[in-house]
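Beneath this line is the structure, given in structure tokens, with notes to follow.
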Amino acid sequence: MEPSACEDLKAFERRLTEVVSSYRPSTIRWRTYFSVVLSVMSVCTAVSAWYWLRDPRTTVVPLTESLWIHPIFTVATITLTVSVVLFIFGIQKLVVAPQIITSRTRTVLNDFNMSCDDTGKLILKPRQNNNCT
């Protein structure tokens, strides 16, 4: 390989590792945030549902008034529902951004007989011999 080609590959590798590593903190943040919110809202919904169902007024008053009397249950249920809907519509795709980048990069690098690992480091594949004998 020429010296300029090696320098270009090294510069590409540095930039790729920089891009992949820049997505890691946001990935960890999203996973942590989503896990904590989902866990807290699940517990709040379960506990407040118990109190809501055990309240003798629940069977007597209309549903809207019963929900108004139990604001913790109402807010927890709405937040849990929104979290589940966001998950269904793809919020988890934000969590796998580094994997998407490295996967697409591998696809492109395959044409050049190269690959990369999950951190963005380049992997040079050995040349294939196409000797037809």
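Here are some notes:
Let's see how each residue does on (1) modelled with pLDDT of 80 or more; (2) surrounded by fewer than 16 Cβ atoms within 10 Å (Cβ to Cβ); (3) in a helix (DSSP H, G or I):
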| site | (1), (2), (3) |
| --- | --- |
| V61 | yes, yes, no |
| E65 | yes, yes, yes |
| W68 | yes, yes, yes |
| I78 | yes, yes, yes |
| T105 | yes, no, yes |
| T119 | yes, yes, no |
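- So V40, is it loosely packed, with under 12 Cβ neighbours inside 10 Å and in a helix (DSSP H, G or I): no
- Of all the listed residues (V36, V40, V47), the sole one being within 25 Å of F87 (Cα to Cα), modelled with pLDDT under 90, among the hydrophobic types (A, V, I, L, M, F, W, C) and in contact with a helix residue (DSSP H, G or I) (Cβ under 9 Å, 6 or more places away or on another chain) is V40.
- Filtered residue count, segment 14-23, keeping only those that are surrounded by fewer than 16 Cβ atoms within 10 Å (Cβ to Cβ) and either without any contact (Cβ under 8 Å) to a residue 24 or more places away in the chain or in contact with a strand residue (DSSP E or B) (Cβ under 7 Å, 6 or more places away or on another chain) (or both): 3
The values are calculated or read from the model by the stated rules, or taken from the named source; none is laboratory data. Since we're looking at a predicted model, the values are computed, not measured. Reconstructed Cβ throughout: ideal geometry from the backbone, glycine too, with neighbour counts over all protein chains shown.
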